[in-house]
1. How many residues does segment 85-102 hold that are more than 16 Å from residue 218 (Cβ to Cβ) and loosely packed, with under 13 Cβ neighbours inside 10 Å?
2. So which pairs qualify, if the first residue must be in segment 184-195 and under 17 Å from residue 86 (Cβ atoms), the second must be open to solvent by 60 Å² or more (accessible area, probe 1.4 Å) and polar (S, T, N, Q), the Cβ gap must be under 7 Å, and the two must be at least 6 apart or on different chains?
3. It is to be established whether one or more residues within segment 135-143 are among the basic types (Lys, Arg), over 49 Å from the mean Cα position of the chain (by Cα), surrounded by 13 or more Cβ atoms within 10 Å (Cβ to Cβ) and assigned to a helix (DSSP H, G or I).
4. Out of (1) open to solvent by less than 30 Å² (accessible area, probe 1.4 Å); (2) within 30 Å of residue 90 (Cβ to Cβ), what's the single condition that is false for residue 292?
5. Which of the residues belonging to segment 254-266 are touching a residue at least 24 places away in the same chain (Cβ under 8 Å) and part of a loop (DSSP other than H, G, I, E, B)?
6. Residue 262 fails exactly one of the following numbered conditions: (1) open to solvent by less than 50 Å² (accessible area, probe 1.4 Å); (2) of a type in the set (A, V, I, L, M, F, W, C); (3) modelled with pLDDT of 90 or more. What is the number of that condition?
7. Collect the residues in segment 103-120 that are surrounded by 14 or more Cβ atoms within 10 Å (Cβ to Cβ) and under 21 Å from residue 295 (Cβ atoms), keeping them in residue-number order.
8. Name the one entry in 164, 170, 178, 222 that is under 25 Å from residue 140 (Cβ atoms), loosely packed, with under 14 Cβ neighbours inside 10 Å and hydrophobic (A, V, I, L, M, F, W, C).
Amino acid sequence: MDRKQVLAVCGGSLVAVAAASYAFVGGKGEASRNAVPVSKQAAVVARTKAKAVLAPPAIAPPGLDAARPSDCLIEPSAVVRVNSGVEGVIQAIYVDRGDRVNAGQVVAQLRADVDRAGAAAAQARANNVHSERAAASRAAYLESVNQRSQKISEFLARDSVEEAQANARAAQEERLAAAQNRRVAELESVQTQRIMGEKTVRTPVSGIVTQRVMSPGEYRGADATHILTVARVHPLHVEVFAPIAQLGSVRVGDMLTVKPEMPVGGEYRATVKVVDRVFDAASGTFGLRLELPNADYALPAGLRCTTEFDKLPVAPSRARASR
């Protein structure tokens, strides 16, 4: 074989080897581009699971979530600003903030020296019967004179007869005026006694003194709002803000469980007294008022709390059918 033939055979072999190598490498590269590494697949799966775990569950709007506890607030059933019905200088205040008082208890006293003197004078005028008796005697005498003048009127001048009649009528009016004056004196005596009674300040409710506004020596004038404040804490009122979804599950007279916030805690049973018919659209709630007995004053007022309903809501159609 000559040199030309040898070169031709070698060149063909090299071309064949190059083509085979290109085909092998090109196919491997295409496969590598289409294949996804195993580690990358695991990372994608992990991220998907993490997103599924961290995704928040579907939450119903506040007004439609019938299962959530309802927020509430424990308040005094009444807050009374105790005051006097008359003006005057405060002589003494017998209670202070935090004291427990009973209905009808004297809590303050205004000075009443002048009123006592006026009451004594009015009582003396009311008891004075002498002026009334004198007017009655004069009226009786002049009436008898009038009657005698009528009998002998034919022997008397006409002026004398008319004078006797006028005197008799005037005496009768004087007697009525004396009786009326005594009646007025009796009423004045009652008035002064009641004014003195108003200067003795009593609390109209039982409860706890929460504020003392004035002190002895101060003048309680027309611009004074009150002397002290008393909060009635037996019973307590529980103001509940319930979701609208619970509207059909509670009626007046039902019993609910109230759970005060810590550190008080515990569970208490309260009676539904009011169910509001006007709702709060912004929060999706409606109001309830419960009455919670507190005879031993164990529960303080002003606590936050929660309450749970004892039964499921009634469907609107069933509620209308039952009514």
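1. Residues flagged as more than 16 Å from residue 218 (Cβ to Cβ) and loosely packed, with under 13 Cβ neighbours inside 10 Å within segment 85-102 amount to 4.
2. 189/123
3. Scanning segment 135-143, I find at least one residue that is among the basic types (Lys, Arg), over 49 Å from the mean Cα position of the chain (by Cα), surrounded by 13 or more Cβ atoms within 10 Å (Cβ to Cβ) and assigned to a helix (DSSP H, G or I), so the answer is yes.
4. Unmet condition: (2).
5. Within segment 254-266, the subset touching a residue at least 24 places away in the same chain (Cβ under 8 Å) is 254-261, 264.
If the condition is that a residue be touching a residue at least 24 places away in the same chain (Cβ under 8 Å) and part of a loop (DSSP other than H, G, I, E, B), then 254, 261, 264 are the ones that fit.
6. Unmet for residue 262, out of (1) open to solvent by less than 50 Å² (accessible area, probe 1.4 Å); (2) of a type in the set (A, V, I, L, M, F, W, C); (3) modelled with pLDDT of 90 or more: (1).
7. 105
8. 170
The values are calculated or read from the model by the stated rules, or taken from the named source; none is laboratory data. This one's a predicted model, so the numbers in the text were calculated from it and none came from an experiment. Because the Cβ atoms are built from the backbone with ideal geometry, glycine has one as well, and the counts that use them run over all protein chains shown. Remember, those area values only see protein heavy atoms, side chains included, never the ligands or the DNA or RNA. Shrake-Rupley method; radii C 1.70, N 1.55, O 1.52, S 1.80 Å.
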